[in-house]
There are 2 protein chains.
Amino acid sequence: MSVALLEQDGLSVMNVGLESFTRSVTERGGQALQLDWQPPGDADASLAWALANLAGDADDPQCIGSKIDVANKEAVERIVAAQPMLVDVALHARDVWPDIGRTLLHAGAPIAWDKMCGPMRGAMVGAVLYEGWADTEAQAEAMLGRGEFKFAQCHDYGAVGPMAGVISSSMPVFVVRNETFGNMAYSNMSEGIGRVLRFGANGQDVIDRLRWIENVLAPTLQTAVRAIGGLDLRAIQAQALLMGDEVHSRNAAATLQFLAAISVPLADAPGDRGPIRETLEFIAGNSQFFLNLSMSSSKATMDAVHGIENCSIVTAIARNGVTTGVRVSGLGKQWFQAASEMPEGLYFPGFVATDGNPDLGDSAICETAGYGGSSLAASPALVQLVGGTVAQAVGYSREMYEITTARNAALSLPNLDFAGAPCGIDIRKVVDNGMRPVVTTGIAHKQAGVGQIGAGIVRSPMGCFTQAVMALAQAKSAC
Amino acid sequence: MSVALLEQDGLSVMNVGLESFTRSVTERGGQALQLDWQPPGDADASLAWALANLAGDADDPQCIGSKIDVANKEAVERIVAAQPMLVDVALHARDVWPDIGRTLLHAGAPIAWDKMCGPMRGAMVGAVLYEGWADTEAQAEAMLGRGEFKFAQCHDYGAVGPMAGVISSSMPVFVVRNETFGNMAYSNMSEGIGRVLRFGANGQDVIDRLRWIENVLAPTLQTAVRAIGGLDLRAIQAQALLMGDEVHSRNAAATLQFLAAISVPLADAPGDRGPIRETLEFIAGNSQFFLNLSMSSSKATMDAVHGIENCSIVTAIARNGVTTGVRVSGLGKQWFQAASEMPEGLYFPGFVATDGNPDLGDSAICETAGYGGSSLAASPALVQLVGGTVAQAVGYSREMYEITTARNAALSLPNLDFAGAPCGIDIRKVVDNGMRPVVTTGIAHKQAGVGQIGAGIVRSPMGCFTQAVMALAQAKSAC
């Protein structure tokens, strides 16, 4: 479509659609503006048709689009009403899942050993060594290759793990309950940054730290959490948003709040003081410690939103390092997957973009609950770590409002004059606006055994959302 | 001065100066714009002349203005180079000042008992009761009225105290050393908010808390600080500016960092665990705890800047609740004073603006070192406490750039794309631009015995700066 404007100084044209038309005007000396616009569904007629069918209609409350609107309203009400509390620390994953055996949990959608990315393979090898199921790296790899261990996704255990997200039987886990709805969520514990299992490192230093987490950190945190009797994670997250965190890739303020909360009961806890000092020292030196708690808080929040009939709200975004998968409240347990993209960001000295692995980890659960990329406006300091400007950080949150359903007044963003955080990503809006969710993330080396090499920002692939829209349209066509 | 512009549609006038001229044009149907401008020195010819004489001149390095520019450059280099470290906790003020006896230190410039504001009188009564020098409030007041105690200003003891700033012999003090220049600074300890001595409250609860600070908090903090071997206060302040504090009226992030730092050595400190738990609990519940450390850090920074010949940089702003006093590096110990103004802000439920006392306390030392109003851009969350918008908060810092000498790269402000904080308030610029320093502050009830009733923002009176400019011009006229 083109609009021609006859002005004093000649013909001006504003063109929407084929760019060649704009060129043909400018080549002949005319003025032409090419509008940066694409039809919903990226010119895919069946997708555009599906979207149109899924749109709400104020005059027809019985149409499927209107039913979706009602379901989505319920979904965002549940997000706002969530009360994720850290209620306990389980010393071993098997205490929570007695049947876990030799199953290795991992981030993202299911994936076979020979398809796994380097950092996930590295983490699997590390977990096998840590559990003592193999003595050498080579032995562990061979056993994994022969299929001696089962794999399962964290999400189906009610769990979330950052990056490779590998959780095995002996690893301790945080136990989180959404007090409003009664559902549980779990995550492993932060190892710090650099050479760590979740980024694919698996040397002796990594294994030793995992053992210290099991034997020192977890029992100490269990003592503290039980003494407190439960810790309100969203209150910490909300306060952290006022203190420069987006509570995904920056957790400096949330970690300090957590440390303050546990330091009080640990001050006069009975028993040996050494482990308590080591625990406080470890957390004080690890500003991302709270990430796993932010994730399990987000998981507890979003699981209570899953399974609402007709609902088009995203309840999980998870990446296995090869694909990014999206789950939708009204579409069951199916992952809508597309190839993970490369984050754009800053690299640690000595590493470059071509060293990086595509987007990885369950941590994008944070974005679905309103943190991370959704609340990037709260975290100007993060742009120092991932690149970009403060204005861009604020811009990302503004974009997220375009593809979400409501504003969560419980999470306010100072730099947007305390507006509530974007709440409830709607697959219809993502596709209709052609705007993909913004996710803040760490960057793993693509080879097993190296670890974290940077941090950045990534978009979830549009393919996840177009597939989900088609699936929702198909599921509802019979209604 | 007026500029007449002849345009197609008649006469337009832009007027600078007497507003009556603008009116005379508009009353006759003409268009006239009155420019909002005042001559430097607010139309005081001798002040304007003094300012002109103090201005730098690139072509004449021997003129006094150029010498001032050189001195000011030295001053801001000292501010940037400062390394204020918390090196110890003195259990009693008399350990630092053996001759303090019954002298009562207070905030701001010297002031007699019968001229003191309500909250300062209330705090004096409380200090006398706390020291056991009187048994009842009435007795204490009578003794104070009879002149049985000496008064002295905190600043002349190298100390700073928030609000009334009363420090007496038995009160513990923080001991801060500027490692770059070797000078020392001191402050008392935060009691929390509400009914507290520094805001003029003096009930039994207040006295009991002061005793707890002396007997529990101070010894515990002494143990922690000695175990750490010194704590880098500016590193905490710089990080806090990235976390939503301006480190004067908001110290939430700085306090958490301080708590994290002391919780580690206290975890396995020898002795009774009870006092350690009480200490951590008190600080965790008092987000303004770090204020007194921010003040003594600022005092240690600015005392090293005082006494530079020809220097026109402000080294202290201090309010005794009646007057605001300003000290200037090159003008000795003289306070340039004018009546304190009322802060504008928000009041706790049950209180209104007419209950408030004029601006009070030594805490504006923070602004002279680049914190508080100078760095308000860093603290959008503070506007929730003091009123206003985020854009206004950023605007205050932009204003402070107009009256300061440099940007302190060690203190970066995220919302100004990480620009360094305004550094070195120049009395010449304050008067020349007609822009008064912005100070964030608590608000005390004007009556003795009540306490804090709100928080807000205040400007230091122009009279302090015009007097200082005249004094500098006079002192240098013989050169």
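Overview of values
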| read-out | value |
| --- | --- |
| Estimated distance in nm for a label pair at A:A227 and A:H92, the labels positioned 7 Å out from Cα along Cα-to-Cβ | 2.6 |
| Global form of chain B, assessed from the alpha-carbon gyration tensor, a/c cut-off 1.5 | prolate |
| Label distances, nm, A:R23 versus same residue in remaining copies, Cβ-directed 7 Å point | 6.7 |
| Global form of the range A:84-295, assessed from the alpha-carbon gyration tensor, a/c cut-off 1.5 | prolate |
| Copy-to-copy label separations for A:R102, where each label sits 7 Å from Cα toward Cβ, in nm and ascending | 8.4 |
| Theoretical FRET efficiency, 1/(1+(r/R0)^6), r = Cβ-Cβ of B:D59 and A:T354, R0 35 Å, to 0.05 | 0.05 |
| Residues A:H248, A:H92, B:H445, sorted so that the one with the fewest Cβ neighbours within 10 Å comes first | A:H92, B:H445, A:H248 |
| Karplus-derived HN-Hα couplings along the range B:210-218 (A = 6.51, B = -1.76, C = 1.60, θ = phi - 60°), whole Hz, x at Gly and Pro | 4, 5, 5, 4, 5, 8, 10, 4, 5 |
| Sum of -39500 (n - 2.57) over DSSP H runs of 4+, divided by residues of the protein assembly as shown (222 nm, nearest 500) | -11000 deg cm²/dmol |
| Within the protein assembly as shown, percent of DSSP bridges classed antiparallel, to nearest 5 | 85 |
| Inter-copy label distances at A:Q222 (7 Å, Cα→Cβ; nm, one decimal) | 4.0 |
| Which listed pairs, of A:K333/A:K429; A:K115/A:K446; A:K299/A:K429; A:K299/A:K476; A:K73/A:K333, have C-alpha distances above 19 Å, in listed order | A:K333/A:K429; A:K299/A:K429; A:K299/A:K476; A:K73/A:K333 |
| Rounded if a/c under 1.5, otherwise prolate or oblate - the protein assembly as shown, Cα gyration tensor axes | oblate |
| B:K446, B:K150, B:K299 arranged by Cβ crowding within 10 Å, fewest neighbours leading | B:K150, B:K446, B:K299 |
| Efficiency of FRET between A:Q204 and A:A409 - r from beta-carbon atoms, R0 56 angstrom, step 0.05 | 0.70 |
| Beta bridges per DSSP with both ends in chain A, % antiparallel, nearest 5 | 85 |
| Calculated FRET efficiency for the pair A:E74/A:R398, C-beta based, R₀ 35 Å, to 0.05 | 0.85 |
| Extension gain from A:T136 to A:D272, taking 0.36 nm per residue of separation minus the Cα-Cα distance | 45.6 nm |
| Per-residue average of Cβ from other chains inside 10 Å of B:239-249 | 4 |
| Candidate aspartates and glutamates - alpha carbon under 17 Å from B:K150, same-chain residues fewer than 8 apart omitted | B:D99, B:D114, B:E131, B:E141 |
| Sequence of A:D88, B:D60, A:D59, B:D95 once ranked by neighbouring C-beta atoms within 10 Å, starting from the fewest | A:D59, B:D60, B:D95, A:D88 |
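Just so you know, all these numbers are worked out from the coordinates, no wet-lab data involved. Everything numeric here is computed off the predicted structure, so don't read it as measured data. Every residue, glycine among them, receives a Cβ derived from its backbone with ideal geometry; neighbour counts consider all protein chains shown.
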